[in-house]
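Chemist: Below: one structure in structure tokens.
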Amino acid sequence: FKLTTVEEFEAATARLLETGAKVGADSWQMRVKNQTPHCKFGEQGVCCRICSMGPCRITPKAPRGICGCDVHGIVGRNFLRFTAGGAATHSDHGREICITLGHAKEGGDYQVKDPEKLIRIAKEWGVETEGKDIYDLAHEMSDLAQEEYGKIRGYSRWLKRAPQHTQDLWHAAGIEPRAIDREVSCALHMTHMGNTSKPEALIRQALRNGLSDGWGGSMCGTEFSDVLFGTPKPIDTEANLGVMNAENVNIVVHGHDPSLSEMICEYADSKEMIDYAKSMGAKGITVSGVCCTSNEVAMRRGIPMAGNFLQQENVVLTGACEAIVVDVQCIFPALGPLSKCFHTKFITTSPICQMPDSDFIEFDAGTAGEKAKQIVKLACENFKNRKPELVHIPDLKHKATVGYSVEAIVKTLDGVTNSQVDETGTTKPLLECITSGVIRGAVAMVGCNNPKVRPDTAHIELMKKLIANDIVIIASGCSAQAAARAGLMDKAAKDLCGAGLKRVCELADIPPVLHMGSCVDISRMLILASELAKDSGLNISQLPVVGCAPEWMSEKAVSIGNYVVATGLDTYLGVDPYVSGSTEVASLLTEGVRDWVEAAYTVEKDIDKLGDLMIARIEEKRDALGI
Ligand code: NFS
Ligand code: SF4
């Protein structure tokens, strides 16, 4: 068994960039050069521009801004604003899903595909389900979920899913999130000129705002996406640019909201559209994905993953992309001008994400089917405009098995252990593997690519190291796609594991890196950690489980980091979150918060060291438990 190497990824990219040079295309590789070195004030987080007396930059000679704010206040406010941006983004995505749920109807574009899950959540929320039409229930839950964003009293309904001990910690620390939108507003209010400059208060709100995402907006996104589109189950797919097909109309879905990508997949798979593609001279239609929307449709439909964040330009550079259809988040504005160098249609669909040089086809839940069909037709009609001399699809792809929701993990592991464990439907078999030491622990690998790190290398190298040490990986977002493209989600990758993990992979018939979905699906990881804690009688912070985002870049990733830490899981970052300018803020994040939530951050840019630190932490937790 052989993984695809990062060198092979890079050779493929280099070949594509040659095409780019021919047509005069710009690329992120070129723009990074223009932007380097980066502004040191920005990198340390010591620049404040939240009022027009500034911008103020803190230096030894100028230790305070014009208003008198010191470096700790400035760095802390910047960190909180960064978090608020991410929490707002995830949560607004979640809200869109709640709205889509309100449009679900029998035989309509959107239907309830997992009624059991809807009923389960309704019961959790104390909603009467007996004798109720499933669509009436869906609409009632849609309203209630949307109210979570602006309710006037109480805390997020989802918090109750956490172990009591975790809820008690949140209460004691004063960080239980209230209405989702309120925490974002509160963060922006606190960081306005002349408000909070005390680091401790800013970091507390950063955790609370993170929690309003993970245990609020993101959880709405994940749970109601499952209700609408089905809870993921293990399914086979493929990953990397080679999934695009030179003979077919290639549609690439990019972004985050499955409401769009699901509809595109649905129509692209219809006989009517396939016939239409044939009438345009193609053999068929291939839909593939980039970024998290790709994870969504891969997990539920086995749609292949063309690439992750820093591959988005590559799909256009193949010269074989008829349409790149985007909704929201992580979309390079570069795709506009780049698509103009090729025949590619760059189709934006959301009022939230409007870009120059794109065709805007507004997509909403009410007209979804009709718009999806229009987009697929447009892509088919564009096939004839291809310039054959520019077409080159790298011959790189790997098999991957994806779709490991918590439900799927529990089901897959049921009955795997040969121990006395006979309780099905719990995480006990997984716990048994961990306690016996067959698996040493688990790492949640998440987050983006970032040109500051050699792309994909940190994800892949860390995963290789961890699985060789019998540590199972649960992965999401662009990290999951890096794994899939390398081959780490191929079941054959068990050969790269230590003997214990290899045995578990064989018995359970799973790959050593489990794809848990998109970034909003990190809420699944919170549930898994909670279930493990409840089933073992331990606190989450005692479990030999940590989180890691080695190549993160977005505000969303910081919000995630905050809720993962606040849930009791130590989190390891490979890129600095612009706090190095303040000793107080940096030490709060790497130590101080541990007093509130029993976990903290570690930042380490040396990837090999980062891996060693995680392994050491996992072993330390095992020692503390005497296992
Ligand atoms: Ni997550 Fe998904 Fe990727 Fe990073 Fe962007 S796609 S929401 S933010 S870049 S992992
Ligand atoms: Fe400068 Fe204070 Fe205004 Fe920030 S809020 S720009 S530190 S004067």
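The values are calculated or read from the model by the stated rules, or taken from the named source; none is laboratory data. Everything numeric here is computed off the predicted structure, so don't read it as measured data. A quick note on method: Cβ atoms are made from the backbone with ideal geometry, for glycine too, and the neighbour counts reach across all protein chains shown. When the accessible area is computed, the model is the full protein with side chains, heavy atoms only, and any ligands, DNA or RNA have been set aside. Shrake-Rupley method; radii C 1.70, N 1.55, O 1.52, S 1.80 Å.
Chemist: Restricting to the range 138-166, count the residues that are surrounded by fewer than 20 Cβ atoms within 10 Å (Cβ to Cβ), farther than 24 Å from Ala88 by Cβ and of a type outside the set (D, E, K, R).
Modeler: 3
Chemist: What are the pairs with Cβ atoms under 6 angstrom where one residue, in the range 471-485, is in the same structural domain as Ile615 (by TED's automatic domain parsing) and within 13 Å of ligand 1 (Cβ to nearest atom) and the other, located anywhere, is assigned to a helix (DSSP H, G or I) and open to solvent by 10 Å² or more (accessible area, probe 1.4 Å)? Sequence gap at least six, or different chains.
Modeler: Matching pairs, first to second residue: Cys478/Phe309.
Chemist: Now for a separate question. Any residue in the range 40-65 that is in a loop (DSSP other than H, G, I, E, B) sitting within a Cβ distance under 9 Å of a residue that is open to solvent by less than 40 Å² (accessible area, probe 1.4 Å) and within 16 Å of ligand 1 (Cβ to nearest atom)? List the pairs, counting only those 6 or more apart or interchain.
Modeler: Gly45/Pro577
Chemist: Next question, about the same structure. May I ask you to verify whether Ile303 is modelled with pLDDT of 95 or more, in the same structural domain as Ser350 (by TED's automatic domain parsing), surrounded by 24 or more Cβ atoms within 10 Å (Cβ to Cβ) and in contact with a strand residue (DSSP E or B) (Cβ under 9 Å, 6 or more places away or on another chain)?
Modeler: yes
One line per residue, one yes/no per condition, for (1) assigned to a loop (DSSP other than H, G, I, E, B); (2) in contact (Cβ under 8 Å) with a residue 40 or more places away in the chain; (3) at negative phi:
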site: Val112; (1), (2), (3): yes, yes, yes
site: Ile121; (1), (2), (3): no, yes, yes
site: Gly126; (1), (2), (3): yes, no, no
site: Tyr149; (1), (2), (3): yes, yes, yes
site: Leu159; (1), (2), (3): no, yes, yes
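Chemist: For the range 386-404, what are the residues that are open to solvent by 30 Å² or more (accessible area, probe 1.4 Å) and assigned to a loop (DSSP other than H, G, I, E, B)?
Modeler: Arg386, Lys387, Val391, His392, Ile393, Asp395, Lys397, listed by residue number.
Chemist: Moving on. Considering the range 64-84 alone, what residues qualify as being open to solvent by less than 40 Å² (accessible area, probe 1.4 Å) and either within 16 Å of ligand 1 (Cβ to nearest atom) or not assigned by TED's automatic domain parsing to the domain that holds His189 (or both)?
Modeler: Thr83, Ala84, listed by residue number.
Chemist: What number of residues within the range 6-28 satisfy the criterion of being under 28 Å from Met489 (Cβ atoms) and free of Cβ contacts under 8 Å to residues at least 40 places away in the same chain? Write out each step before concluding.
Modeler: Filtering the range 6-28 for residues under 28 Å from Met489 (Cβ atoms) gives 6-17, 27-28.
Filter once more, keeping what is free of Cβ contacts under 8 Å to residues at least 40 places away in the same chain: 7, 10-11, 14.
The qualifying residues number 4.
Chemist: Take the conditions under 22 Å from Gln481 (Cα atoms) and either modelled with pLDDT under 95 or surrounded by fewer than 22 Cβ atoms within 10 Å (Cβ to Cβ) (or both) and apply them to Asp495. Does it pass?
Modeler: Against the criterion (under 22 Å from Gln481 (Cα atoms) and either modelled with pLDDT under 95 or surrounded by fewer than 22 Cβ atoms within 10 Å (Cβ to Cβ) (or both)), Asp495 qualifies.
Chemist: Restricting to the range 502-536, what's the tally of residues that are of a type outside the set (D, E, K, R) and out of contact with any strand residue (DSSP E or B) (no Cβ under 8 Å at 6 or more places or on another chain)? So that I can check it myself, show each step before the final result.
Modeler: In the first step, residues of the range 502-536 are kept if they are of a type outside the set (D, E, K, R); the result is 504-505, 507-508, 510-520, 522-523, 525-530, 532-533, 536.
Going one step further and asking which of them are out of contact with any strand residue (DSSP E or B) (no Cβ under 8 Å at 6 or more places or on another chain), we end up with 505, 507-508, 520, 523, 526-527, 530, 533, 536.
Counting residues in the range 502-536 that are of a type outside the set (D, E, K, R) and out of contact with any strand residue (DSSP E or B) (no Cβ under 8 Å at 6 or more places or on another chain) gives 10.
Every residue, every condition in (1) β-branched (Val, Ile, Thr); (2) closer than 16 Å to Gly441 by Cβ; (3) away from ligand 2 (no atom under 16 Å from the Cβ); (4) surrounded by 24 or more Cβ atoms within 10 Å (Cβ to Cβ), yes or no:
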position: Lys465; (1), (2), (3), (4): no, yes, yes, no
position: Ala468; (1), (2), (3), (4): no, yes, yes, no
position: Gly477; (1), (2), (3), (4): no, no, yes, yes
position: Ala482; (1), (2), (3), (4): no, no, yes, yes
position: Glu506; (1), (2), (3), (4): no, no, yes, no
position: Leu514; (1), (2), (3), (4): no, yes, yes, yes
position: Gly517; (1), (2), (3), (4): no, no, yes, yes
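Chemist: While we're looking at this one, here's another question. Looking only at residues in the range 283-296 that are touching a strand residue (DSSP E or B) at 6+ places or on another chain (Cβ under 6 Å) and open to solvent by less than 10 Å² (accessible area, probe 1.4 Å), which one is farthest from Ile522 (Cα to Cα)? Before you say what the answer is, go through the steps one by one.
Modeler: Quick first cut of the range 283-296, residues touching a strand residue (DSSP E or B) at 6+ places or on another chain (Cβ under 6 Å) only: 285-291, 293-295.
From what is left, the residues that are open to solvent by less than 10 Å² (accessible area, probe 1.4 Å) are 288-291, 293-295.
On the way: Ser288: 22, Gly289: 19, Val290: 18, Cys291: 15, Thr293: 14, Ser294: 15, Asn295: 12 Å.
Once the filter is applied, the top-ranked residue is Ser288.
Chemist: While we're looking at this one, here's another question. Within 16 Å of ligand 1 (Cβ to nearest atom), within 29 Å of the chain's Cα centre (by Cα) and crowded, with 19+ Cβ neighbours inside 10 Å: which single residue out of Ala25, Ala87 fits that description?
Modeler: Sole residue among the options that is within 16 Å of ligand 1 (Cβ to nearest atom), within 29 Å of the chain's Cα centre (by Cα) and crowded, with 19+ Cβ neighbours inside 10 Å: Ala87.
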